[in-house]
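Working notes, beginning with the structure itself.
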């Protein structure tokens, strides 16, 4: 039987190649994602060790939650205390700040598109000067060799640098390699290093340091020194070894790698899922075509078990070969992704690709597993073929009855819908919500695909009506062929359905988010100007110097400026980290209306006030006047009084404190966002006067902003446009990535059409002999593909819209308040799938046209 | 050898020194060896011969489904050897009718749609009165809305003959039209073809190896090794068998 299976594969090379290709793509994605992320992990592990090597021990404030840049500083007195401990040779204070942009000589801020722009105090332990000297005086800085080379920064020249507080000129005095003397270790970040006191002043961190690096005296034991330091400093401080420091850095890096890995795996999963449909479909068709051959085997004595074994063996061969090719191509894909990442601004340090045994096992599971599981149903069907089939002319292979399909498929679909509904109503806790939604989506897809043959025939026949009406016999035949085998039509369309449903989902969610932003801009926004960083790239915009807001506020045309800062996990309440926003609470209501439902933001002392979104208030069981114990990342706990509860979380999130309270607990001085209101605008009589006021104030604001190359200002209309285009860009990127599943679906259509054409070889021979031209024949195949593709497209868009609406309803209100469906996009998707169908038909159509008529008639 | 007494009749199709050669050198096979043959209008001709005699090849070449290596094939006034692939297709569509042994009908089309298929491919309505007449002659008027799989084998072949007739072609080629059916059904189909010649004035050329089927023809042409070796007018199954025995001996 193995020999038979092998022979059947060799005889049908094209069919074999197409099936293999589909599996290869799935395996390739799995291997590519794991290989790349494993390689990243090992590279980052090396990088983390390089970074940690600068000190034997590091002293930091103990932090229970929050980010590195939100940690409380080590006071100067404590640093001196550290220096005095026995066995400490050198105690070197360390400082770092985000959003320190060097402005090149053309006035353009140097902004790495992905990684951060960092400022440091110069640390001889990990910064190795290669040229010039280290900064020792105010007004001097050094930068890393890569940033200097990429931007033509020269020693001796003076550059503007944007700090957290202000823009100041500094002279470049030296270039250094980070991590090792020989080469710069970096991930594309830009680094500006200053003398320690100068860094403290420039970063606005005069009262302390982020950490103190310790070098132990020659001959001293590191762990003894560590113990002495711990005893001396007490519980408020952590003393960590080089190894722990490296491990913690690595963990930070790995969090990023994990997100990346998840994203890649989602695409791998989609690829595998779509592939499974196509493989199953291909095997079904192949069995259908080999009915006579299998009947003959049975007639000459093959048992049903042997027949199904040969089908499964055939799939095992396809699976094994695809896995091997897929692993190879997966490694290529990893290299390709690394190259793409470098192009878009995340240069990864070079390193060998890591192919772990785990990756190979997974590849086998996916490649071999998916193929073999997909062949089970066809194998069962094959064993039911009777010896008589070999003899009879028109043996039709039995298939699952449509009624049974409707019942089982309906049940699976219903389970999917229930899971989706449960996901939607699961509430704010997002993880189980998305698990439910994900499971629901997969179930719904499978159910949908089981049910869809039931309406494939009427749908294909209805879709084909115009083809028949306007394009004569070729259109008519295309339509008939598309509705001829509803199961095949449905599963071919199914491959397209998945991709389109996901694109549709992204479109609906995206449109809803966009409409929500529009809604907020229409209803909540009262401010006239919006100031933020001009640097665009991936992720949220970085901060900008706080000084800008002061200068704009000082303008006579400006009535008020509200400063906004925010932090993930910036507050801990009842043991849970909360994301917080800080703003001037006296102005909060005037600039953006969060729809306060009770209390008054500006009513009481800003240093003890807290405003809450109604969801948070509800889950904590508090109202206006109640108190909340809140811990900050600097480990201090405050008793805050709830002064207001609001309904709209779009601007201020769920937790809002005053800027004054932020300043007393956070070291970050740069602003995330600021808004300004123009004086006298509401009192202005008539539109002309308003316009004049706006024009005058814009000029004044621009004059300030122009002095800061990394900052931009927008009016309401511009602000709206920027928000929309950013959202659109993100949605498009996601859709293009999902569109990859289109390629697989395309192969699926080529596969099915080629096999169907082969199956209808007599009919084609007949049509050609009674006078169908090649062009007419090709046209009928194009019509067939078009109808199948539009069927898949329409189903996909319908499913995607339902999923999208479900997801939009499930998302918290701070993301989505309005559910909107982008009809035009959805129409475009159907058109895209129609075009994909036509493209897929080209090859089979040409092959059918070239078919020799006599061979076709004589074909057995 | 009997000379043809029907030279007075116009010729619907003819082959002139037509050869069809496969392979070359030692493996050369002459499927047709400089054949000269003419099929007169309004007559029913059968081509007979043992397996491999070239009878199917002759029919395929005459019908424009295959090309000759040398010589000429003429249908009406048209020399097929000068036509492009597309013109050949259009000639088949407009001037030639076909009946095959099996797979004669497109399964997704109804009987009447199969009958008008060549006209639909041409985008023309055709002669509807004539189509009605042909359908009437098949005796299947009440079953024309059915799909082929709802018709018996004989009914399917009658639909195929009707399709060949519907376009009023210059000539109809039938390749073993009764090869797949029982003798009663065969008689039904052959009777229909006979009446198409007698009552509608059609020209039919049929390849067969069945003496009974061939006996419906006006003339039988015998082929051996790519050459015409004999012919017989007003044949009966008995005379045909005799000729075949002689040829085989």
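Rule-based calculations on the coordinates, nothing more; no lab input. Computed from a prediction, not measured in an experiment: that's the story for all the values here. Glycine also receives a Cβ, built like all others from the backbone with ideal geometry; neighbour counts cover every protein chain displayed.
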Query raised in the report: Taking the convex hull of the alpha carbon atoms in chain A, what volume per residue do you get, in Å³?
Result: 206 Å³
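Across peptide B:112-124, how many C-beta atoms of other chains are within 10 Å of each residue C-beta, on average?
4
Based on the Kirkwood radius over alpha-carbon pairs, what value in µm²/s does the Stokes-Einstein equation return for the translational diffusion coefficient of segment A:50-253 at 37 °C and 0.692 mPa s?
Working: Rh = 17.5 Å.
Stokes-Einstein gives a translational diffusion coefficient of 188 µm²/s.
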**Report entry** Ranked A:712, B:55, criterion: other C-beta atoms within 10 Å, fewest first
**Finding:** A:712, B:55
Report task. Treating the angle as unsigned and between 0 and 90°, give the value, to the nearest 10°, between the Cα long axis of helix A:304-343 and the longest Cα principal axis of chain A. Result -> 30 degrees
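Apply the a/c threshold of 1.5 to the C-alpha gyration tensor of segment A:36-81 and tell me whether it is rounded, prolate or oblate. Let's see the in-between values first.
Working: a/c = 4.42, a/b = 1.87, b/c = 2.37.
Judged from the Cα gyration tensor, segment A:36-81 comes out oblate (a/c at least 1.5, b/c at or above a/b).
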Query raised in the report: Residue separation times 0.36 nm, minus the C-alpha to C-alpha distance between residue A:682 and residue A:90: what's the value?
Result: 207.0 nm
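Sorted from fewest to most neighbouring beta carbons within 10 Å, what does the list A:473, A:205 look like? All intermediate terms of the calculation are to be shown ahead of the outcome.
Working: A:473 24, A:205 20.
Final ranking by Cβ density, sparse to dense: A:205, A:473.
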Query - Shielding by partners, peptide A:771-780 (average Cβ within 10 angstrom, other chains) - result: 5
Query - Estimated distance in nm for a label pair at residue B:239 and residue A:523, the labels positioned 7 Å out from Cα along Cα-to-Cβ - result: 10.0 nm
Report summary line: Check: C-alpha center segment A:200-259 vs C-alpha center segment B:202-216, spacing in Å is 102 Å
Query - Paramagnetic label zone (point 7 Å from Cα along Cα-to-C-beta, residue A:248; backbone N under 16 Å) in segment A:624-646 - result: A:633-635
Report task. Report the FRET efficiency, 1/(1 + (r/R0)^6), for residue A:358 and residue A:136, where r is their Cβ-Cβ distance and R0 is 41 Å, rounded to 0.05. Result -> 0.25
Query raised in the report: Modelled label-to-label distance, residue B:149 and residue A:106, 7 Å Cα→beta-carbon offset: nm?
Result: 7.0 nm
Requested in this report: Round to a whole angstrom and tell me the spacing of the C-alpha centers of segment A:569-613 and segment A:300-336.
Outcome: 60 Å
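Can you give the Rg to Rh ratio for segment A:543-709, taking only C-alpha atoms and Rh from Kirkwood? Mind showing how you got there, number by number?
Working: Rg = 17.4 Å, Rh = 17.0 Å.
Ratio value, two decimals: 1.02.
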Query - Where only C-alpha atoms are counted, convex hull volume of chain B per residue in Å³ - result: 134 Å³
Query raised in the report: If each residue's Cβ is checked for other Cβ atoms within 10 Å, how do B:183, B:19, B:51, A:609 rank with the fewest at the top?
Result: B:51, B:183, B:19, A:609
Report summary line: In this structure, the FRET efficiency calculated for residue A:414 and residue A:377 from their beta-carbon separation, with R0 = 22 Å, to the nearest 0.05, is 0.50
Query raised in the report: Residues of segment A:719-751 with amide nitrogen under 17 Å from the 7 Å Cα-to-Cβ point of residue A:842?
Result: A:742-751
Report summary line: Rounded to two decimals, the Debye log10 I(q)/I(0) of segment A:657-709 (Cα scatterers, no solvent) at q = 0.13 Å⁻¹ is -0.53
**Report entry** Acute angle (nearest 10 degrees) that the helix A:242-289 long axis makes with the longest principal axis of chain A, alpha-carbon atoms
**Finding:** 10 degrees
Query raised in the report: How many nm is it between the label spots at residue B:27 and residue A:335, if each spot is 7 Å from the Cα in line with the beta carbon?
Result: 4.3 nm
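Add -39500 (n - 2.57) for each DSSP H run of 4 or more in chain A, then divide by its residues: what number comes out at 222 nm, to the nearest 500 deg cm²/dmol? Write down the numbers at each step before the final one.
On the way: 27 runs with 489 residues, N = 860.
Using -39500 (n - 2.57) per qualifying helix, the result is -19500 deg cm²/dmol.
At R0 = 22 Å, how high is the FRET efficiency between residue A:728 and residue A:818 if r is their beta carbon distance? Nearest 0.05 is fine. Provide the component values of the computation, followed by the final result.
Working: r = 17 Å, r/R0 = 0.75.
Calculated transfer efficiency: 0.85.
For segment A:165-229, rounded, prolate or oblate, judged on the Cα gyration tensor with a ≥ b ≥ c (square roots of eigenvalues), a/c < 1.5 rounded, else prolate if a/b > b/c? Each step should come with its number before you reach the end.
On the way: a/c = 2.73, a/b = 1.46, b/c = 1.86.
Since a/c reaches 1.5 but b/c is at least a/b, the shape of segment A:165-229 is classed as oblate.
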Query raised in the report: Which whole-angstrom value gives the distance between the alpha carbon centres of segment B:5-45 and segment B:159-191?
Result: 22 Å
Query - C-alpha long axis of helix A:823-850 to longest principal axis of chain A, angle in ° - result: 40 degrees
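Determine the calculated [θ] at 222 nm for chain B from helices alone, applying -39500 (n - 2.57) to every DSSP H run no shorter than 4 residues and normalising by the residue count; nearest 500 deg cm²/dmol.
On the way: 9 runs with 89 residues, N = 249.
Taking each H run of at least 4 residues, the total per residue is -10500 deg cm²/dmol.
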